[in-house]
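Undergrad: Dropping the structure in here first, questions after.
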Amino acid sequence: MKLIKTGTLQNMKQSERIGAKIAYIFSHNHHYIENALESYKLKGPMFAFLLTLSHKDGCSQESLARYLKFSKATATRSIKALEKEGYVYRERDEEDRRIYRVFISDEGREVVPAINTALQKWNDILLSDLSDEEEQIFRKLLDKAKDTLVEFDRNSSN
């Protein structure tokens, strides 16, 4: 599979615009979610860690960071902030005392529906001007781009 296309200067300019558009959407996503979850004191990627733990409870901090594509430092800061709010707790791994396992608390589980609601509202806003067919195409194209990056990451790590 050819992962990186080469081309003319015009193609490069188009890809730069694509990156700027993705950054614009990402920035708006970040601000919308942070504002929607402000009353829960969830900042930055904290909601992503909490949402992930609702499905993968007991993960190590390192595996959470890897899964979410964040640095270990970002994971540590986010998890400590979540712990401070009472949304998660950490326990040392029984077999390897160097590893902390992270668990979602009852308080954290209570916040998950608000996170899902905020994410759904964001999707509704983002997709509001698309027809059903356009939305389906958009989702397929995003999946295709994501799959390309997954393959790129897999090849880069070898």
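The values are calculated or read from the model by the stated rules, or taken from the named source; none is laboratory data. This structure is a prediction, so every number in the text was calculated from the model and none was measured. Cβ: placed from backbone, ideal geometry, glycine included. Neighbour counts: every protein chain shown.
Undergrad: Can you name every residue in segment 19-43 that is under 26 Å from Lys84 (Cβ atoms) and either outside any helix (DSSP H, G or I) or of a type in the set (Lys, Arg) (or both)?
TA: Once the filter is applied, which keeps residues that are under 26 Å from Lys84 (Cβ atoms) and either outside any helix (DSSP H, G or I) or of a type in the set (Lys, Arg) (or both), segment 19-43 yields Leu37, Lys41, Leu42, Lys43.
Undergrad: Consider Ser105 carefully, then state whether it is surrounded by fewer than 11 Cβ atoms within 10 Å (Cβ to Cβ) and either small (Gly, Ala, Ser) or touching a residue at least 60 places away in the same chain (Cβ under 8 Å) (or both).
TA: Spelling it out, it is not the case that Ser105 is surrounded by fewer than 11 Cβ atoms within 10 Å (Cβ to Cβ) and either small (Gly, Ala, Ser) or touching a residue at least 60 places away in the same chain (Cβ under 8 Å) (or both).
Undergrad: Also, I was wondering about something else. Quick one: in segment 50-73, which of the residues that are hydrophobic (A, V, I, L, M, F, W, C) and either outside any helix (DSSP H, G or I) or without any contact (Cβ under 8 Å) to a residue 12 or more places away in the chain (or both) is surrounded by the most Cβ atoms within 10 Å (Cβ to Cβ)?
TA: Ala65
Undergrad: Could you tell me which numbered condition Ser128 fails, if it satisfies all but one of (1) at pLDDT 95 or above; (2) out of contact with any Asp or Glu (no Cβ under 8 Å at 6 or more places or on another chain); (3) at positive phi?
TA: Here Ser128 meets the rest and fails (3).
Undergrad: Next question. Being of a type in the set (S, T, N, Q) and in contact with a strand residue (DSSP E or B) (Cβ under 8 Å, 6 or more places away or on another chain) narrows it down to one of Ser105, Ser63, so name that one.
TA: Going through Ser105, Ser63 in turn, just one is of a type in the set (S, T, N, Q) and in contact with a strand residue (DSSP E or B) (Cβ under 8 Å, 6 or more places away or on another chain): Ser105.
Undergrad: Right, another one. Only one of these conditions is not met by Arg154: (1) over 29 Å from Asn35 (Cα atoms); (2) assigned by TED's automatic domain parsing to the domain that holds Gly58. Which number is it?
TA: (2)
Undergrad: Kindly establish whether Val88 is within 16 Å of Ser39 (Cβ to Cβ), buried (at least 17 other Cβ atoms within 10 Å of the Cβ) and within 21 Å of the chain's Cα centre (by Cα).
TA: It is false that Val88 is within 16 Å of Ser39 (Cβ to Cβ), buried (at least 17 other Cβ atoms within 10 Å of the Cβ) and within 21 Å of the chain's Cα centre (by Cα).
Undergrad: Any residue in segment 104-118 that is in a helix (DSSP H, G or I), polar (S, T, N, Q) and either under 26 Å from Ser78 (Cβ atoms) or assigned by TED's automatic domain parsing to the domain that holds Tyr87 (or both)?
TA: Yes, the conditions are met somewhere in segment 104-118.
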